[in-house]
Amino acid sequence: MKEFSATINGSPVTARDGMTILEVARENGIDIPTLCYSPELTLTGACRICVVEVEGSRTLVGSCHTPIAPGMVIQTHSPRVLDARRVTMELLLASHPEVCIVCDKANMCDLRKIAADLDVGLPRFRLPKHYFPMEDVSPYITRDMSKCIQCWKCVKACSEIAKKNVYGIAYRGFKSKVVVDFDDQPMDKEVCRDCGICIPFCPTGALCKPSPVRQAKTARPLVITGTAQQ
Amino acid sequence: MNSTAGDISAEAKKRGKLLVLLEQAQDKLGCLPKEFMARLAASLGLSISEVYGLATFYSFLSPGPSGRNVIRVCKSLPCYLKDLLIESVKREIGVGPGETTSDGRFSFELTNCIGACDQAPAMMVNHDVYGGLTPEELPRILERYK
Amino acid sequence: MPEKRIVLRNCGVLDPKDISTYLEKDGFKAWQKARTELSPEQLIAEIKASGLRGRGGAGFPCGLKWELTSKAPGDEKYVVCNADEGEVGTFKDRYILENDPFTLIEGLAIAGYAIGARKGYIYLRAEYHYLLDLLTGAINQARDRGLLEQFDIEIRQGAGAYICGEESALMDSIEGKRGEARYKPPFPPSRGLWQRPTVINNVETLMNIPQIILNGCNWFSQMGTERSKGTKVFSVSGDVQRPAVYELVMGSPLRELVEGLARAKAGRFIQIGGATGRIVPYEMIDTPMDFEHILGAGSIIVFDQSRDIVDIVRRTMEFLAEESCGKCTPCRQGTRVMVGILDKFAHGQGEERDIRSLEELSSAMMLSSLCGLGQAAPIPVVDSLQRFRSDYEARIRKN
Ligand SMILES: Cc1cc2nc3c(=O)[nH]c(=O)nc-3n(C[C@H](O)[C@H](O)[C@H](O)COP(=O)(O)O)c2cc1C
Ligand code: FES
Ligand code: FES
């Protein structure tokens, strides 16, 4: 395999034919955030959080899908890059529910981690929140599409690894959504038994393992008795 | 995938027919009933989600019920400047954009530029394009669609 | 400066239903010449030398695109004609298809020969379904006369999605998928339709091919400017007396088109290139129309003094938000945020910080969006903020 050199953040790096910018950066200990990328799945290029600056390019480029080329001069954390990443993060958070405190994924959530890294707090943009009912009928997967950021990793994990094609992407633009069948029933597919491959791929709390805690809670609802004082 | 490989895989070719088949069904049935999409998915070896995903992406496909005829009034700028036909169509058929008449004769939708801006304001009824319209002409045109 | 009809030379002259009217002129002579007198390499060299650039909006050099595709490894290649024409205010391709489908077919066949493709597609937008029979008839007549040997043309219809005019989304749509933009590279010349090397050209680009072959590259490159050769077909609409399709030599001043031909009276601003195009004040009426200045796909919408620019930009953004495929974050979410902010201004409820938000968002969308839609979506906002800022400021809510 042909080796060549390029420059990342001012330092020379060695790359091999066919590698992406992200792969080379990671090999050199440079951390570029990703949301829709996974080494186990085909590339998507959808989230745009992984953008970097390449000398001579009019726009920033997605590092997860752009092949590195000989002599490329790359900046992974320039002010321009960080500004763009922050806006993208704020755009995602703008339609994401503010329920981190009760979210099952809370401390394992990639979205939240990357937001913290980028120093993004309250988004400056306003968007309607997506409200979808919690789908907790399936004993295998709990799905809360309000939290989905459309990275498509579940769709790809299901079709590429599990070979089951349970998920699809439907609608268009801001309305687009990861759906099951005709999107008219809460997810409850028997083919999901003993699978759950998609769950760890989800960068947010949209997909979770049904937790025993929640089952206990739903079994015995908390009832407050007595009359309120007027 | 090897870019120098010979024939496109049979699977990809089969998949390639999906949009064509949905368009044909839309033309014939006026919408895409669930049973049809489910059968189509099964026959192409695709999941229902994939077929539904396609049906909801394209604005000329209707996964839900739809009137026998679809009126699409152009709302893009050149037509907008020449007064949209929205009010006139509404008066004529009694329902507004996004709705279907109770007898199922017309569905009324707004659409983006239909490439008839030289004849603005323009609209489509099914596949027919009408341009340079005045409200007075509407009844005569709509009469043709039963 | 009168019109110069090269692309449109047969429009209104031929019977679009009868190929013999085309053959009686110079129909398919270029195709014959190409196949008998020129090797594919010579043919490509000729197109390169002509300086022809794509007419679909981006202006990529046509000959270079063909060369890259012809040199890409693989024995299965495709030519695709982009007849999706979804850009707001554009109707020139419709006019061409209606009046002269034959030149297009000849151009497509020559492109096929040049790159070694045995199959061509015409992707026709759903809104032009009424042209399907005419086009099919034209293809059949050409085939019956033996003019499409070893080259098959199939028409694929869109189903209502502006984004399918973007080349990678268009190819996904032909493959029977949702029309979502792909990441690039790879570009179509190396991996396009079904991952095979593919040339994708706009209708008008292909219309130029036969005449270049017949008259030579020098004839063509004498017209126009340094970096914009030949003519351009414009669609003029809006507040003008004669909205129509006009063809002018590249570099002609906007005034010629808007006042001379379309008979506009002094307006307030002009949108050039549709929803993702530029907005210029009417005072820039003497700007030459070419790739060096402003061009796009040649849509010109004129707005008179009574028009409200904030309202126009808001409607433009609504269009883009509706038509965003939804795949990438900046475009899916960003266009929607912009609609919200522009809505506030349209209702006199803007806030000082909204202007800054618009600017910061614009820059990020242009830099990080996946495809040309998201990258160009902020242009109307940026242009109007630059040239008509006071219109925004007047809409800031006063407490
Ligand atoms: C959002 C978007 C919409 C587009 N729509 C069209 C279109 O309707 N027709 C077209 O020819 N090109 C369109 N293009 C440009 C195509 O991507 C592509 O550049 C063009 O078809 C190439 O042909 P050309 O080189 O002959 O211009 C669009 C691009 C974008 C980003
Ligand atoms: S990680 Fe690269 S675009 Fe999502
Ligand atoms: S704007 Fe209505 S047809 Fe173009």
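If I filter the range C:147-190 down to residues being hydroxyl-bearing (Ser, Thr, Tyr) and more than 18 Å from residue C:85 (Cβ to Cβ), which single residue comes out as farthest from ligand 1 (Cβ to nearest atom)?
C:190
Take the residues in the range C:151-175 that are in a loop (DSSP other than H, G, I, E, B) and either closer than 18 Å to residue C:129 by Cα or more than 10 Å from chain B (Cβ to nearest Cβ) (or both), then tell me which one is farthest from ligand 3 (Cβ to nearest atom). Break it down into steps so the answer makes sense when it comes.
Restricting attention to the range C:151-175, the residues satisfying the condition of being in a loop (DSSP other than H, G, I, E, B) are C:151, C:158-161, C:166, C:175.
Okay, now just the ones that are also either closer than 18 Å to residue C:129 by Cα or more than 10 Å from chain B (Cβ to nearest Cβ) (or both), so C:151, C:158-161, C:166.
Working: C:151: 33, C:158: 16, C:159: 18, C:160: 14, C:161: 16, C:166: 19 Å.
Out of the qualifying residues, it is C:151.
Please determine, by comparing only the residues of the range B:70-87 that are surrounded by fewer than 20 Cβ atoms within 10 Å (Cβ to Cβ) and away from chain C (no Cβ under 13 Å), which one is farthest from the chain's Cα centre (by Cα).
B:87
In the range C:217-246, how many residues are within 14 Å of another protein chain (Cβ to nearest Cβ) and either charged (D, E, K, R) or touching a helix residue (DSSP H, G or I) at 6+ places or on another chain (Cβ under 8 Å) (or both)? Before you say what the answer is, go through the steps one by one.
Within the range C:217-246, the first condition is being within 14 Å of another protein chain (Cβ to nearest Cβ), and the residues that meet it are C:233-246.
Then keep just the ones that are either charged (D, E, K, R) or touching a helix residue (DSSP H, G or I) at 6+ places or on another chain (Cβ under 8 Å) (or both); that gives C:233-240, C:242-246.
Count: 13.
Out of A:26, A:48, which single residue is more than 16 Å from ligand 3 (Cβ to nearest atom) and in contact with a Pro (Cβ under 6 Å, 6 or more places away or on another chain)?
Exactly one residue qualifies, and that residue is A:48.
Just to confirm my filter: which helices (runs of 4 or more DSSP H) fall fully inside the range C:315-392 and include at least 3 residues that are in contact (Cβ under 8 Å) with a residue 12 or more places away in the chain and either of a type in the set (D, E, K, R) or at the interface with chain A (Cβ under 7 Å from one of its Cβ atoms) (or both)?
Values: elements: C:329-346, C:352-368, C:372-376, C:379-387.
The helices (runs of 4 or more DSSP H) meeting that bar are C:329-346, C:352-368.
Would it be correct to say that residue C:121 is assigned to a strand (DSSP E or B), touching a residue at least 12 places away in the same chain (Cβ under 8 Å) and either within 14 Å of residue C:203 (Cα to Cα) or away from chain B (no Cβ under 14 Å) (or both)? Let's see the steps before the verdict.
Details: assigned to a strand (DSSP E or B): yes; touching a residue at least 12 places away in the same chain (Cβ under 8 Å): yes; either within 14 Å of residue C:203 (Cα to Cα) or away from chain B (no Cβ under 14 Å) (or both): yes.
Answer is yes for this residue.
Does residue C:346 satisfy being away from ligand 3 (no atom under 16 Å from the Cβ) and farther than 26 Å from residue A:45 by Cβ?
Details: away from ligand 3 (no atom under 16 Å from the Cβ): yes; farther than 26 Å from residue A:45 by Cβ: yes.
For residue C:346, the condition - away from ligand 3 (no atom under 16 Å from the Cβ) and farther than 26 Å from residue A:45 by Cβ - is met.
Just wondering, is there one or more residues in the range C:57-64 that are more than 14 Å from residue C:204 (Cα to Cα), more than 16 Å from ligand 3 (Cβ to nearest atom) and either within 14 Å of chain B (Cβ to nearest Cβ) or assigned to a strand (DSSP E or B) (or both)?
The first filter runs over the range C:57-64 and keeps only residues more than 14 Å from residue C:204 (Cα to Cα), leaving C:63-64.
Remaining after also requiring more than 16 Å from ligand 3 (Cβ to nearest atom): C:63-64.
Among the residues that remain, those that are also either within 14 Å of chain B (Cβ to nearest Cβ) or assigned to a strand (DSSP E or B) (or both) are: none.
Among the residues of the range C:57-64, not one is more than 14 Å from residue C:204 (Cα to Cα), more than 16 Å from ligand 3 (Cβ to nearest atom) and either within 14 Å of chain B (Cβ to nearest Cβ) or assigned to a strand (DSSP E or B) (or both), which makes the answer no.
I'm checking my understanding of the structure. Among residues of the range C:212-257 that are farther than 20 Å from residue C:269 by Cα and among the polar types (S, T, N, Q), which one is most open to solvent (accessible area, probe 1.4 Å)?
Here the residue is C:222.
What are the pairs with Cβ atoms under 6 angstrom where one residue, in the range C:74-102, is touching a residue at least 12 places away in the same chain (Cβ under 8 Å) and more than 10 Å from chain B (Cβ to nearest Cβ) and the other, located anywhere, is part of a loop (DSSP other than H, G, I, E, B) and within 7 Å of ligand 1 (Cβ to nearest atom)? Sequence gap at least six, or different chains.
C:82/C:56
Take the range C:77-104 and flag every residue that is assigned to a loop (DSSP other than H, G, I, E, B) and among the hydroxyl-bearing types (Ser, Thr, Tyr).
Result: C:90, single match.
Any residue at all in the range A:186-197 that is surrounded by 15 or more Cβ atoms within 10 Å (Cβ to Cβ) and closer than 19 Å to residue C:328 by Cβ?
There is no residue in the range A:186-197 that is surrounded by 15 or more Cβ atoms within 10 Å (Cβ to Cβ) and closer than 19 Å to residue C:328 by Cβ.
Given the conditions (1) open to solvent by less than 40 Å² (accessible area, probe 1.4 Å); (2) modelled with pLDDT of 95 or more, and given that residue C:296 satisfies all but one, which numbered condition is not satisfied?
Of the numbered conditions (1) open to solvent by less than 40 Å² (accessible area, probe 1.4 Å); (2) modelled with pLDDT of 95 or more, the odd one out for residue C:296 is (2).
Count, please, the residues in the range A:34-55 that happen to be within 8 Å of ligand 2 (Cβ to nearest atom), assigned to a loop (DSSP other than H, G, I, E, B), open to solvent by less than 20 Å² (accessible area, probe 1.4 Å) and touching a residue at least 24 places away in the same chain (Cβ under 8 Å).
8
The values are calculated or read from the model by the stated rules, or taken from the named source; none is laboratory data. Because the structure is a prediction, the values reported are computed rather than measured. Note: ideal-geometry Cβ built from the backbone for every residue, glycine included; neighbour counts use all protein chains shown. We work out accessible area using only protein heavy atoms, side chains counted, and drop any ligands, DNA or RNA first. Shrake-Rupley method; radii C 1.70, N 1.55, O 1.52, S 1.80 Å.
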